Amino acid sequence: MTETQKTLPPTRRYAKIRVSHAPHGAQIVTLFNPERRNAIGPRMINELLYAIDDAHAHPGGGVRSIVVPGEGKAFCAGGDFAQMTGSGDDGPELPFKGDYVDLVLAMTRSEIPIIAKVNGHAMGGGIGLVAACTFAIASADAKLGTPEVDVGLFPMMIMAVLSRVVPRRRLLEMMILGERMTAEEARAAGIVNTVVPAAELDRATGALCARIEKKSPAALALGLRAYADQADMDLAAALPMLRDRLAACLATEDAREGLMAFLEKRDPVWKGK
């Protein structure tokens with residue numbers, strides 16, 4: 001066990017998510033609205049923001065990756081209209097932290113890799129969560145899509161994050177036709193990294209967490225922060241910023257440890273600093 005695994009964030013009382021810890025420094029944040037196929041509403045969004053913040057509360061600490069599955073057979077069916085109208089909620093309510101826009105921004109700016117474990121259908125706002133994650137591993141029987149147009153709506157907010165992973169013509173086809181794609185089609189479109197049989201989903205997700213655990217948490221945090229910051233910059237602005245970020249990375253204890261371990265032909269012991 002490395003030093004970076006010693007401190008874990010607190011477990012709060014939630015109504016619409018469940019938080020637990022798994023091997024390899026993984027924090028499991030399960031979407032929990034099973035009676036509505038884990039549809040996402042204000043309560044779940046707010047709780048997800050708390051869980052992400054808690055995972056970041058100890059820089060270089062115990063959480064090395066965040067895994068997001070759905071409870072039961074679905075990942076997330078989209079927006080929960082019952083929650084949106086203020087009904088269907090139970091359990092304690094945390095002070096307001098943000099809405100769906102804040103959640104997507106928090107996920108895309110996370111300095112801890114977030115893995116969407118797409119164990120079932122991901123529609124509307126659910127596919128937006130998948131696209132906002134750092135990685136996505138999908139069960140072969142999952143379906144992903146943007147069916148909003150079929151009820152007279154349009155996937156406005158998720159359009160912004162989907163456009164960063166899906167080519168223009170494919171995305172417009174999805175949104176205008178309300179298309180539901182197979183997991184393999186979602187992989188081809190860039191929405192998920194990997195597709196595995198349902199029986200292999202736990203193993204594949206755990207294997208990815210194990211690979212992440214072997215990397216320097218300081219390097220990953222600096223790298224993910226730099227990636228988010230350069231995403232909307234032009235090249236002339238991004239390059240000098242990234243040059244400065246490389247210097248900051250070289251100045252970390254983890255960089256010194258990594259270089260020394262390489263020279264000494266041993267495994268590095270990361271401190272997350």
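Numerical summary
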| item | result |
| --- | --- |
| So D141, is it in a loop (DSSP other than H, G, I, E, B), in contact with a helix residue (DSSP H, G or I) (Cβ under 7 Å, 6 or more places away or on another chain), over 19 Å from M175 (Cβ atoms) and at pLDDT 95 or above | yes |
| Selection count where residues are assigned to a helix (DSSP H, G or I), farther than 20 Å from R109 by Cα and not acidic (D, E), scope the stretch 241-255 | 3 |
| Single condition A57 does not satisfy, out of (1) under 25 Å from P217 (Cα atoms); (2) surrounded by 20 or more Cβ atoms within 10 Å (Cβ to Cβ) | (2) |
| V118 being touching an Asp or Glu at 6+ places or on another chain (Cβ under 6 Å) and of a type in the set (V, I, T) | no |
| The stretch 215-240, residues that are farther than 16 Å from K273 by Cα, within 18 Å of the chain's Cα centre (by Cα) and assigned to a helix (DSSP H, G or I) | A226, Y227, A228, D229 |
| Every residue from the stretch 212-235 that is surrounded by fewer than 18 Cβ atoms within 10 Å (Cβ to Cβ) and more than 25 Å from R164 (Cα to Cα) | K214, K215 |
| Residue selected from the stretch 8-32 under the condition exposed (fewer than 14 other Cβ atoms within 10 Å of the Cβ) and not in a strand (DSSP E or B), by the criterion modelled with the highest pLDDT | P23 |
| Residue within the stretch 207-214 that is of a type in the set (A, V, I, L, M), over 17 Å from F135 (Cβ atoms) and under 23 Å from the mean Cα position of the chain (by Cα) present | no |
| Residue list for the stretch 248-273, filter: under 27 Å from the mean Cα position of the chain (by Cα) and of a type in the set (A, V, I, L, M, F, W, C) | A248, C249, L250, A255, V269, W270 |
| Selection from the stretch 150-193 of residues that are surrounded by fewer than 20 Cβ atoms within 10 Å (Cβ to Cβ), β-branched (V, I, T) and outside any helix (DSSP H, G or I) | V165, T182 |
| Condition broken by V196, with the remaining ones in (1) of a type in the set (A, V, I, L, M); (2) without any contact (Cβ under 8 Å) to a residue 24 or more places away in the chain; (3) in contact with a helix residue (DSSP H, G or I) (Cβ under 8 Å, 6 or more places away or on another chain); (4) closer than 21 Å to I66 by Cα satisfied | (2) |
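The values are calculated or read from the model by the stated rules, or taken from the named source; none is laboratory data. This one's a predicted model, so the numbers in the text were calculated from it and none came from an experiment. Glycine gets a Cβ as well: all are built from the backbone with ideal geometry, and neighbour counts include every protein chain shown.
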